[in-house]
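*Asks:* Take a look at the following structure, please.
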Amino acid sequence: MKTLADRYSPQEVEIKVYKAWEEAGYFKAEDQSKKPPFSIILPPPNVTGFLHLGHALDHTIQDLLIRWKRMSGFNAMWLPGTDHAGIATQSVVEKELKKKTITRHQLGREKFVNEIWKWKNEYGDRIYNQMRRLGDSCDWDRATFTLDEGVSAAVRKVFVTLYKKNAIYKGLRLVNWSGPLETAISDLEVEHQQVKGLMYHINYPIDGTSDFLTIATTRPETMLGDTALCVHPDDDRYKKLIGKTVTVPLINRKIKIIADTYVDKDFGSGVVKITPAHDFNDYKIGKTHKLEFINLLTKKCEMNENAGPYEGLKVADARKKVLEDLKALGLLVKEEPHMNSIGHCSRSGAVVEPFLSEQWFMKMDDLAVPAKRVVESGSLRFEPESWTKVYLHWMNNIEDWCISRQLWWGHRIPAWHCAECEKYTVSETTPTQCENCKSSKITQDEDVLDTWFSSGLWPFSTMGWPNEEAHSVETQKTFYPTNYLVTGHDIIFFWVARMIMMGLEFKKDVPFRTVYVHGLVRDSQGRKMSKSLGNSIDPIEMIDKHGADALRFSFLAHLFSGKDFKFSEQRVESYRNFMNKVWNASRFVLSNLQDFKVPVEGMKALPARAHISVFDQWIIAKLAEVEKQVEVALEAERFSDAATALYQFIWNQFCDWYIEFTKPIMHSSSPDDKQTTQLVMAQVLNRIVRLLHPFCPFLTEEIYSNLPIKNQACIIDQYPTVKNDKDFLAFASKEAEFEIDIVKEVITAIRNIRGENRISPAVKLNIRLGVTQDDVQKILSHNRSAIMNLGRIATMDIGEDGDMMKCAVAPVVLGDARVKVIIPLEGLVDFNEEIKRIHKTIEKLEKDVSLLNGKLSNEKFVQNADPEVIATDRVLLQQSKEQVVSLKEALTRFQ
RNA sequence: AGGGAGUUAGCUCAGUUGGUAGAGCGCCACCCUUACAAGGUGGAUGUCGCAGGUUCGAAUCCUGUACUCCCUACCA
């Protein structure tokens, strides 16, 4: 047997262990299997991305589930993948090119896309390798990229099918537009920031009078596109003006004054300028009042020919110029500071402009109906449940989805425009002629689809749909629907909701049974992690420093469903310490198994009843308890409960007590006793390692490989449960639990007296255990050596109280058992500390007594309370009273 | 503005049918006791945001209120 280093060093273990798992093929799931299926599809990270802490948290949860289920006899399949992430990737490569002063337009579409592929082929696996560092046990053979041929085929099929159902259409709409990227962007890509700006009040001359109407705006340059002024229909100030016209300054266009209840009479002047082509609210008004839509911008967000003299200016410059000109005309009434939240493009940082353009849209109303129903009926569940409401609220207010993007990187829209008849031919395969007029003058639409379009199909497109070959059909049959989707709450609408709609539409079933929503990872002060704040932490750096297991455990032990996660490196360190603790406990166990005769039955071997110690029976009882707790917690998705139950069992029971108790047996007992304890110890450790495995896979696999009793590998061994371990756990005993509990209490009492009196651990004490009950006396005698060892005792009498002159006394009460720990202090310390200590104890006990007395003498309490509660309180009161008496007696001995 | 979550020890947070407040970290004291100083033993620390109510009894249930955070939508 190898000897292990006295410190666990993850660096030496992790890479090696991962490689061994992967080479052995343990991550692979079978398309056909007798085992029940369990599947999770990984939310695909951006192919350009680095693993960040958010991924690390997300993946840790999924890997926990997968490893737990794999060990529990499931055909566990975790499918990894990456997302082409249209805008993000295109921007990254564009930036790279910019360094060489090349623009994508210089290269042209084909060459530019080739550049991106080159980049993807070079860096696309980076994030996969980072995931390996974390320990993700994905089925790598199934790794899928959103631009893979299979997925692309799925995208085309979905587009064509929905188009033919009239669920996809092309239309002129107002969309969020990024000037630098020259594309529509999704709401997700718009970041709102509170910005201090100015509100400008501008006078519009009322035609035929010398009066003005004053409007207020934060974006004066848009006035060039005004096509109406709007007032509230009931506003007495303006009622008579409705239907009259005003002249837009600077461009001298006459526009009508209209009325709409949208206007708030009490805000500003009560008059609103309407720019239907550049504001989402104005757009709606423009539609209802059939106003003219004047687009002022080019795709680069510069002023266009409609802006007259301002043509060619950037928006910001146009604003300056417009203000100057207004001032010159005396029409700028005033400027006042104004807080405004302004949308910025998350990729380019530019201000997002509402922009009128031809886009492809997907109708959402019909798709939303079944997607709501499955959540309402409970066939798809959110955890935590509170997201159900949020989801339904959104689904009830859903708007059509703009699915086209003016990018080059992504799934090109499978629609061909005919130059002759202007109609579109939409087809899964490239057509040669227009299906309407048979003209061959057709060209494919330049746009690509929003990245979330392909993401929405992810749960089944990754399983081979719509390919009808046997293996693809089998995969879908086995693994669809998946069991869990694990994700942060930021993409429930953009992604989760769309997967649900698409899954129901095309697979006629939910894509997953449970959506486990975790919070976002924040810094220790609760701030968002971002490059600009400089507070982002690289998980790989954490893994390098403290090990993947410590990082994983720090997530799992503090994960409370749905809440944001405040990350702290200090906490990772504390779990690194736990990993080291497990390592060292294992090291100790292994060193005590040097001469262990490994039974041929392996884990099926049972300890010899005749030789099993009370300590063994006790730890088995505790093991049974923790196995139960872990199972309940994992089933209920209370991962932190499971993690902390294991932490406490291992540290506070197994290490603190069991190992200490069994040391004497290992050193100087009869060979049979020793062999029995060795067996128990080896088997308990084996189970500890398996129980921990999904939480901290590397450490446990490494320890496992050194165990004397084991199977092939920890990762594929069985997960311990009360049911699986029935025969072994039958050795647990209530009597042993009680016995050890008394012994622990006695030892703690001794340590307590020693600690509070500052008696050096080097001093061995002479003590007396006052006990009158025969059975308790027997227990104490039976465990004499354990008490003497752990209490650091020189001599110990067990019997009547005897003389308590100048003695420290600590009463121990457990159930019916009563023990007095009596330590003569004469010559050891001055008594003040002990007198203080006893006073403190009495004080606390008397508080309890008065509280309990009050309760029990309250007639209504006795009448109404649960009889069990009353009984417990009675016992407690009795005990506390007894203890007070005996402590007061002890106190008198110091006088 | 609408929706959601929260307020418990110095910090991060548990607290599942109402029954004398818990953990980890940190802190203090003493210890290199032969697995582990990334360790051991002992200790201190809370008007459970505030105010009412229901109840014999409330961190827990109800009402109100203050503050914080998140999401969605933003007033031109």
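The values are calculated or read from the model by the stated rules, or taken from the named source; none is laboratory data. Just so we're clear, the structure is a prediction, and the values are computed from it rather than from any experiment. All Cβ positions, even for glycine, are placed from backbone atoms using ideal geometry, and neighbour counts span all protein chains on display. Just the protein is used for accessible areas: all its heavy atoms, side chains included, with ligands, DNA and RNA removed. Shrake-Rupley method; radii C 1.70, N 1.55, O 1.52, S 1.80 Å.
*Asks:* If I compute solvent accessible area with a 1.4 Å probe over the protein chains, what percent of it on the stretch A:234-309 is carbon and sulfur?
*Replies:* Taking all protein chains in place, the stretch A:234-309 shows 50 percent carbon and sulfur surface.
*Asks:* What ranking of A:Met603, A:Met395, A:Met805 comes out by heavy-atom accessible area, probe 1.4 Å, highest first?
*Replies:* On the way: A:Met603 40, A:Met395 5, A:Met805 100 Å².
Per-residue accessible area, sorted high to low, gives A:Met805, A:Met603, A:Met395.
*Asks:* According to the Cα gyration tensor, what semi-axes, each the square root of 5 times an eigenvalue, does the equivalent ellipsoid of the stretch A:89-222 have, listed from largest to smallest in whole Å?
*Replies:* After diagonalising the Cα gyration tensor, the semi-axes are 45, 23, 18 Å.
*Asks:* Just name one of A:Gln773, A:Gly602, A:Gly526: the one whose Cα is farthest towards the positive end of the charge dipole of chain A (beta-carbon charges, Lys/Arg +1, Asp/Glu -1).
*Replies:* Among A:Gln773, A:Gly602, A:Gly526, the one farthest towards the positive end of the dipole of chain A is A:Gly526.
*Asks:* Would you work out what percent of the accessible area of the stretch A:636-712, with all protein chains in place, is carbon or sulfur (probe 1.4 Å)? It would help to have the intermediate numbers written out before the result.
*Replies:* On the way: 930 of 2180 Å².
The value for the stretch A:636-712 is 43 percent carbon and sulfur by accessible area.
*Asks:* Can you give the helix-only mean residue ellipticity at 222 nm for chain A, where every DSSP H stretch with n ≥ 4 adds -39500 (n - 2.57) and the sum goes over all residues, rounded to the nearest 500 deg cm²/dmol?
*Replies:* Calculated mean residue ellipticity at 222 nm is -13500 deg cm²/dmol.
*Asks:* Okay, moving on. How are the Cα pair distances of the stretch A:48-105 distributed, in percent, across 5 Å bins from 0?
*Replies:* It works out to 4, 15, 15, 15, 13, 10, 9, 7, 5, 4, 2, 0, in whole percents.
*Asks:* Now for a separate question. Using DSSP H assignments, which helices in chain A have an axial alpha-carbon span of 27 Å or above and a mean Kyte-Doolittle hydropathy of -1.0 or higher?
*Replies:* Helices meeting the criterion: A:569-591, A:614-635, A:671-692, A:734-756, A:832-857, A:867-892.
*Asks:* In straight Cα distance, which lysines are under 16 Å from A:Lys663, not counting same-chain residues fewer than 8 positions off?
*Replies:* Cross-link targets: A:Lys674, A:Lys744.
*Asks:* On to the next question. For a 26 Å ceiling on Cα separation, which of these pairs sit above it: A:Lys840/A:Lys881; A:Lys363/A:Lys528; A:Lys170/A:Lys299; A:Lys287/A:Lys508; A:Lys256/A:Lys284; A:Lys604/A:Lys778?
*Replies:* A:Lys363/A:Lys528; A:Lys287/A:Lys508; A:Lys604/A:Lys778
*Asks:* Rg to Rh ratio, the stretch A:353-409, alpha-carbon atoms and Kirkwood radius? Walk me through the numbers on the way to the answer.
*Replies:* Numbers: Rg = 15.1 Å, Rh = 13.5 Å.
Expressed as Rg/Rh, it is 1.12.
*Asks:* Once you have the alpha carbon radius of gyration of the stretch A:1-106, what is it after dividing by 2.2 N^0.38 Å, with N set to its residue count?
*Replies:* 1.54
*Asks:* With every atom except the alpha carbons ignored, what do you get for Rg and Dmax of the stretch A:591-747, in angstroms?
*Replies:* Gyration radius and largest Cα-Cα distance of the stretch A:591-747: 15.1, 46 Å.
*Asks:* Also, quick follow-up: Which lysines, if any, have their Cα less than 18 Å from the Cα of A:Lys100, not counting same-chain residues under 8 positions apart?
*Replies:* A:Lys111, A:Lys118
*Asks:* What is the dipole size for chain A, taken about its Cα centre, with +1 at each Lys and Arg Cβ and -1 at each Asp and Glu Cβ, in debye to the nearest 20?
*Replies:* Rounded to the nearest 20 debye, it is 800 debye.
*Asks:* Semi-axes of the stretch A:741-833's equivalent ellipsoid from the Cα gyration tensor, sqrt of 5 times each eigenvalue, largest first, rounded to whole Å? Please list the in-between numbers first.
*Replies:* Numbers: eigenvalues 85, 38, 27 Å².
The equivalent ellipsoid of the stretch A:741-833 has semi-axes of 21, 14, 12 Å.
*Asks:* Placing +1 at every Lys and Arg Cβ and -1 at every Asp and Glu Cβ, with all other atoms neutral, what dipole size does the stretch A:512-587 have around its Cα centre, in debye to the nearest 20?
*Replies:* 240
*Asks:* Ok, one more. Just to be sure I understand: of the beta bridges DSSP finds with both ends in the stretch A:450-606, what percent are antiparallel, rounded to 5?
*Replies:* Expressed as a percentage, antiparallel bridges in the stretch A:450-606 total about 10.
*Asks:* Of all accessible surface on the stretch A:352-464 at a 1.4 Å probe, what whole percent is carbon and sulfur?
*Replies:* Result for the stretch A:352-464: 47 percent of the exposed heavy-atom area is carbon or sulfur.
*Asks:* Next question. I'd like to compare A:248-260, A:578-590, A:68-80: which one has the highest average count of other Cβ atoms within 10 Å, and what's the full order after that?
*Replies:* A:68-80, A:578-590, A:248-260
*Asks:* While we're here: Quick one, can you get me the convex hull of the C-alpha atoms of the stretch A:397-491 expressed as volume per residue in Å³?
*Replies:* Given the Cα convex hull of the stretch A:397-491, per-residue volume reads 164 Å³.
*Asks:* Can you give the accessible area of A:Lys423, probe radius 1.4 Å, in Å² rounded to 10?
*Replies:* 110
*Asks:* Which value, in Å², gives the accessible area per residue of chain A when a 1.4 Å probe is used on the protein heavy atoms?
*Replies:* Result: 45 Å² of accessible area for each residue.
*Asks:* Residue farthest toward the positive end of the dipole of chain A, with Cβ of Lys/Arg at +1 and Asp/Glu at -1: which of A:His546, A:Met463, A:Thr298?
*Replies:* Of the listed residues, the answer is A:Thr298.
*Asks:* Kindly work out what percent of the DSSP beta bridges joining two residues of chain A are antiparallel, to the nearest 5.
*Replies:* 70
*Asks:* Among A:Phe661, A:Val510, A:Thr487, whose Cα sits farthest toward the positive end of the charge dipole of chain A (+1 at Cβ of Lys/Arg, -1 at Cβ of Asp/Glu, about the Cα centre)?
*Replies:* A:Thr487
*Asks:* Continuing with the same structure: Suppose R0 equals 30 Å. What FRET efficiency, 1/(1 + (r/R0)^6) with r the Cβ-Cβ distance, do A:Lys334 and A:Asn306 give to the nearest 0.05? Can you show the working numbers first?
*Replies:* Details: r = 28 Å, r/R0 = 0.92.
The formula returns an efficiency of 0.60 here.
*Asks:* Strictly under 4.7 angstrom between C-beta atoms: which cysteines of chain A have no such partner?
*Replies:* A:Cys138, A:Cys230, A:Cys301, A:Cys345, A:Cys402, A:Cys655, A:Cys696, A:Cys714, A:Cys807
*Asks:* Can you pull the Rg over Rh of the stretch A:168-262, Cα-only, Kirkwood?
*Replies:* For the stretch A:168-262, the value is 1.06.
*Asks:* Could you size up the charge dipole of the stretch A:174-230 around its Cα centre, putting +1 on the beta carbon of Lys and Arg and -1 on that of Asp and Glu, and report it in debye to the nearest 20?
*Replies:* Roughly 200 debye for the stretch A:174-230.
*Asks:* Fully extended, how many nm does the chain gain between A:Glu30 and A:Glu800 (0.36 nm per residue separation, minus their Cα-Cα distance)?
*Replies:* Additional length available on full extension: 270.3 nm.
*Asks:* Then there is this: Cα centroid distance between the stretch A:373-414 and the stretch A:655-732, in Å?
*Replies:* Comparing the Cα centres of the stretch A:373-414 and the stretch A:655-732, I get a distance of 47 Å.
*Asks:* Cα extents of the stretch A:245-289 along the three principal axes, largest first, in whole Å?
*Replies:* Projected onto the principal axes, the Cα atoms of the stretch A:245-289 cover 27, 22, 15 Å.
*Asks:* Out of every Cα pair in the stretch A:673-757, what percent are spaced more than 14 Å from each other?
*Replies:* Beyond 14 Å sits 72 percent of the P(r) for the stretch A:673-757.
*Asks:* Which three extents, in angstrom, do the Cα atoms of chain A have along their principal axes, listed largest first?
*Replies:* Cα spread of chain A along its principal axes, largest to smallest: 115, 67, 56 Å.
*Asks:* Cα centroid distance between the stretch A:54-128 and the stretch A:447-488, in Å?
*Replies:* Measuring centre to centre over Cα atoms gives 17 Å.
*Asks:* Express in % the proportion of alpha carbon pairs of the stretch A:479-596 at distances exceeding 22 Å.
*Replies:* Values: 3744 of 6903 pairs.
Here the long-distance tail beyond 22 Å is 54 percent of all Cα pairs in the stretch A:479-596.
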